[in-house]
1. How would region 82-132 be classified by its alpha-carbon gyration tensor: rounded, prolate or oblate, with rounded meaning a/c under 1.5 and the a/b versus b/c comparison settling the rest?
2. Calculate the length of the line joining the C-alpha centroid of region 65-142 to that of region 14-44, in whole Å.
3. Given an 8 Å cut-off on Cα distances and at least 6 residues of separation, report the relative contact order of region 15-150 as a percent.
4. Can you tell me the length gained on complete extension of the stretch T28 to S112, counting 0.36 nm per residue apart and subtracting the Cα distance?
5. Among T145, T19, which comes first, second and so on when ranked by fewest other beta-carbon atoms within 10 Å?
Amino acid sequence: MLLSAFSQRSQTACAVVETLSFYNLTGTNAINAAAGENQLFADVSDSAGQVTFTFRNIGPALSSISEIYFDDGSLLAISEILDSPPDVDFKLDANPSNLPGSQLSDPPFQASLCFSLQPENPEPFHGVNPGEQLSIIFDLINEQTFTDVIDEINTGELRIGIHVIAFENGGSESFVNTPEPTSIVFLSLGVMAIVRRRKK
């Protein structure tokens, strides 16, 4: 189960939903990196034997989710892309074929073949801008379940990378969802608690 500091689980219409945060990978600009971490999310939901990933840009900072990448885990194939009308418009096979800055991840992020998307041109206009969203429905490998997908997200076996463009200063950044920062935060909190005890 994802640690509560970086996820939430809710029951709506009998569907289980996990909300994932994204963590900056490239670190090109601190302001852009912080904006992305504060306003980019993906809801992962159980969809009757399929899994839906809904990418949200809640704003307010100018930015546009462009390329989206998956390393697959239990994912078999993209079944459907649900664009958020009127402007969001995505297609399969992103260019570049792997997440920019992928080598900065540990282990390096490697997008699965045919599991990437990008907006139609012009990209900033048709990407996921503040207040917009995009849903991607995946079929699963035989006998795999939503729980398997969540377990793989927890362990880092399944990671999701997004490339975000059109920040106010014209910059771009890459982000990855990963359980590692969660562990680091909780380890840091534990160390701080130990230090406080020793001071007392």
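Values in this text are rule-based calculations from the coordinates and carry no lab data. The structure presented is a predicted model; accordingly, all values stated were derived computationally and were not measured. Quick reminder, even Gly has a Cβ in these numbers, built from the backbone with ideal geometry, and neighbours come from all protein chains shown.
1. Prolate shape, in that a/c is at least 1.5 and a/b is the bigger ratio.
2. Value for the Cα centre distance between the two parts: 14 Å.
3. It rounds to 32 percent for region 15-150.
4. Going from the current span to full extension adds 27.7 nm.
5. On the way: T145 13, T19 17.
Result, fewest neighbours first: T145, T19.
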